[in-house]
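Taking it in order: structure first as structure tokens, then the write-up.
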Amino acid sequence: MGQFQAFAHPWWVNLLLIVPAGSYFLWRRKGLELPLRKKLVITAYALAFGFVEAAVVVYLRAAVGLLPGYNDGTLAEVRRLSATYHQAQFTRFPPSLLTIEVLREAATMLMLVCTALLAATRSRERWASFLWAFAIWDITYYATLWATVGWPASLKELDVLFLIPVPWVAPVWYPLLISALTLLAVSIAKTRAKAPAAG
């Protein structure tokens with residue numbers, strides 16, 4: 001597991017802690033026109049997408065030899081043998097797959113943005129929809145990896161969060177904290193009913 005790392009690298013990744021509080025501050029007076037039904041649809045999408053992202057990571061680990069036992073064992077055996085895996089081992093990551101991984105991350109962000117654009121018409125609700133989807137997707141991603149291959153073994157484990165424009169490295173608790181605070185910010189922002197159209 002190595003030494004405990006309290007902050008993310010590069011330094012500016014730590015500024016993401018401002019996003020939930022800053023967003024809530026923008027929403028608190030006027031509220032959000034984001035009804036429960038829309039949140040539930042976004043949640044269903046984000047849960048499924050988080051699982052798919054984790055599955056891709058499992059396949060990548062197998063492809064580059066970082067997933068012991070996947071050829072012969074059951075998923076339970078893979079989970080047991082994967083306890084020694086360390087996410088930040090990019091020295092064994094082939095450049096060709098690294099290129100695909102960067103493109104996959106860009107596609108992931110585009111999919112989350114498109115979800116927000118489809119969910120709402122105003123920028124404040126689009127931003128809330130994006131953050132809601134992102135937070136649920138992120139939590140589901142880590143939960144799926146833990147449930148399937150037993151990683152992370154601890155919330156202190158280091159993870160490469162993103163590769164664009166440079167690798168973002170942080171302990172797992174950091175993105176989970178931001179995601180939890182984001183869900184809280186969207187949840188406690190008062191929901192406004194949409195004004196009826198004049199007719």
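The values are calculated or read from the model by the stated rules, or taken from the named source; none is laboratory data. Just so you know, these numbers come straight off a predicted model, no measurement behind them. Cβ placement follows ideal geometry from the backbone for every residue including glycine, while neighbour counts extend to all protein chains displayed. Note: areas computed on protein heavy atoms with side chains; ligands, DNA, RNA excluded. Shrake-Rupley method; radii C 1.70, N 1.55, O 1.52, S 1.80 Å.
Remarks
- Computed from Cα atoms, the angle from the helix 123-149 axis to the main principal axis of the chain rounds to 30 degrees.
- Cβ-derived FRET efficiency at R0 45 Å, residue 121 paired with residue 146, nearest 0.05: 0.75
- Share of carbon and sulfur in the accessible heavy-atom surface of the chain [1.4 Å probe, %]: 71
- Rounded FRET efficiency, nearest 0.05, which uses the C-beta distance separating residue 155 from residue 74 and R0 of 22 Å: 0.25
- Taking Cα atoms only, the orientation of helix 173-188 departs from the longest principal axis of the chain by about 20 degrees.
- Across the chain, the relative contact order, built from alpha-carbon pairs under 8 Å that are at least six residues apart, equals 39 percent.
- For residue 163, net neighbour charge (Lys/Arg +1, Asp/Glu -1) across residues whose Cβ lies under 11 Å away: -1
- Seen from residue 16, the other residues with C-beta closer than 15 Å to its C-beta sum to a net charge of -2, counting Lys and Arg as +1 and Asp and Glu as -1.
- Gain on full stretching of the segment that runs from residue 56 to residue 25 - 0.36 nm per residue minus C-alpha separation: 7.6 nm
- Cβ-defined net charge surrounding residue 47, 14 Å radius [Lys, Arg +1; Asp, Glu -1]: -1
- The residues of the chain expose, per residue, 56 Å² of accessible area to a 1.4 Å probe.
- Share of pairwise Cα separations in segment 130-173, more than 16 Å, in percent: 45
- For the chain, the alpha carbon convex hull comes to 128 Å³ per residue, rounded to a whole number.
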